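What follows is a set of notes on a single structure, which appears directly below.
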Amino acid sequence: MGASVEGAMKPLLLLLPIIALLFMATTLPCRGQEITRKYHWVYDNRTYDMDLQIPKGLYDYFKKKPRVEDYTIYVTDPQDDGLINFLISLFKKYARENKLNEYDLFNTMVAWVQSLPYTSDSVTTGFDEYPRYPVETLVDNGGDCEDTSILLASILKAMGYPTVLLAPTKHMAVGVAVRQEFVKNAPWPIHVTPFEMYQYAYLETTGDGWKIGMVPPQYKNDRFLVFSLVPRAAIKVLSVQSRIHPEGQIPVVDVTLENLGSSPSVVTVRLAFDAGPGKVPYATKDSKALAVPPGNRGTFTLSLPQPPTGVRTRLLIQILSDNRKVDEWASGWQNI
């Protein structure tokens, strides 16, 4: 936050907060130009080919989205639901044409994802970690373990299978709850992870030939981290600025944030004068709690709370998402 906030810390009797929230909805580009990708893979000694047209505007939209740490959001973002459902319709068409039952349809889709080339983030993007949204993996024609797992999880979840992401050490896979007949006669051990209501069978997405329940040897003794695929908010602070409001020469703070997640969030901005670790702040002031939909930005403008005098303090700016602190900014300490 720097000196700009510190300069606004004056022992003034301030007026009530001025609160403004301006939503700037993000809209997807028109369909326009399309990107064509061709896929070829083999399942059960039968070859399959698929041509897929992907709206370039949709790809550009996801390519420009900032990356978030929560992998759940890459699966639950609703903006690619139409493409995912169209992809599923193509697989169901293949199933009808080739007289595939549900088990073979399931494994055909798994074999397709496993056939996508493995590419390292550091080579293809220049970043050590760069999770891709499903549309990006389709256009880029592959990715690393997290990318193919996000893609397959998106498809299986949309088809109604209870699905999670599983994270062994430095790896990612899919966990899926399927009917017992899918695995009851399997000639290999079925690795399952219990979580909440289901037993999730391990599903590897990198490399050909991995069957449901098979775990690569290097991960067999790992404890898996489970990502429940429930839409979540992801609030990111874009800017924090201080200024003097023209009406009454009041020092105010502007906080602009964005919801990068897949679920709406009720956001509150809190200003507080810090009294030190473990102590109740000298003074606090909260903004009005307002809902920020996914893909939207909000700007909160608040006047400072009444500052203490004769103490050493600093200004804290806290961001609360659904009553949970998700971010905090602090000025330098100073005597006032």
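The overall shape of region 157-291, judged from the alpha-carbon gyration tensor, is prolate: a/c is not under 1.5, and a/b is greater than b/c.
When Rg is the radius of gyration of the Cα atoms in region 75-117 and Rh is its Kirkwood radius, what does Rg/Rh come to?
We get a ratio of 1.03 for region 75-117.
As a calculated quantity, the FRET efficiency between Asn221 and Glu196 at R0 = 30 Å, using C-beta atoms, amounts to about 0.80. The dipole here belongs to the chain: it is taken about the Cα centre, uses +1 on the Cβ of Lys and Arg and -1 on the Cβ of Asp and Glu, and is about 640 debye. If you bin the C-alpha pair distances of the chain every 20 Å from 0, what whole percents do you get? Using 20 Å bins, I get a P(r) of 27, 44, 24, 5, 0 for the chain.
Largest first and in whole Å, the equivalent-ellipsoid semi-axes of region 229-303 read 26, 18, 10, each the square root of five times a Cα gyration tensor eigenvalue.
What is the sum of charges, Lys and Arg at +1 and Asp and Glu at -1, for the other residues whose Cβ falls under 12 Å from the Cβ of Glu69?
Taking every Cβ under 12 Å from that of Glu69, the sum is 0.
For region 146-228, the Cα-based Rg and Dmax, in that order, read 11.7, 31 Å. Could you compute Rg(Cα) / (2.2 N^0.38 Å) for region 207-247, with N its residue count? Compactness ratio reported: 2.59. Stretching the chain fully between Asp51 and Trp333 yields a gain of 95.5 nm (0.36 nm per residue, less the alpha carbon separation). Please go through region 113-213 and write out the chymotrypsin sites (Phe, Trp or Tyr not before Pro) that DSSP classes as loop and that have at most 10 other C-beta atoms within 10 Å. Here the sparse-neighbourhood loop sites are Phe127. Shown here for region 232-336: trypsin sites (Lys or Arg not before Pro) in loop regions (DSSP other than H, G, I, E, B) with at most 14 other Cβ atoms within 10 Å, namely Lys279, Lys288.
If only the Cβ of Lys and Arg carry +1 and only the Cβ of Asp and Glu carry -1, the dipole of region 71-228 around its Cα centre is close to 700 debye.
Counting only GluC sites (Glu not before Pro) that sit in a DSSP loop (anything but H, G, I, E, B) with at most 11 other Cβ atoms within 10 Å, what is the longest stretch of the chain containing none of them?
248-336
How much length would be gained if the chain were fully extended between Asn141 and Ser120, taking 0.36 nm per residue of separation minus their Cα-Cα distance, in nm to one decimal?
6.3 nm
Past 31 Å, Cα to Cα: identify those pairs from Lys157/Lys184; Lys65/Lys220; Lys64/Lys325, in the order given. Beyond 31 Å: Lys65/Lys220. Springs between Cα atoms under 10 Å define the GNM used for the chain, and in it the highest mean-square fluctuation of Gln79, Gln218, Gln53 occurs at Gln218.
Leu271: net charge of surrounding residues, Cβ under 9 Å, Lys/Arg +1, Asp/Glu -1, itself excluded?
That sum, taken over residues with Cβ under 9 Å, equals +1.
Taken together, the values in this text are just the output of simple stated rules run on the coordinates, not laboratory data. Keep in mind the model is a prediction, meaning the values are calculated, not measured. Neighbour counts run over all protein chains shown; Cβ positions are idealised from the backbone, glycine included.
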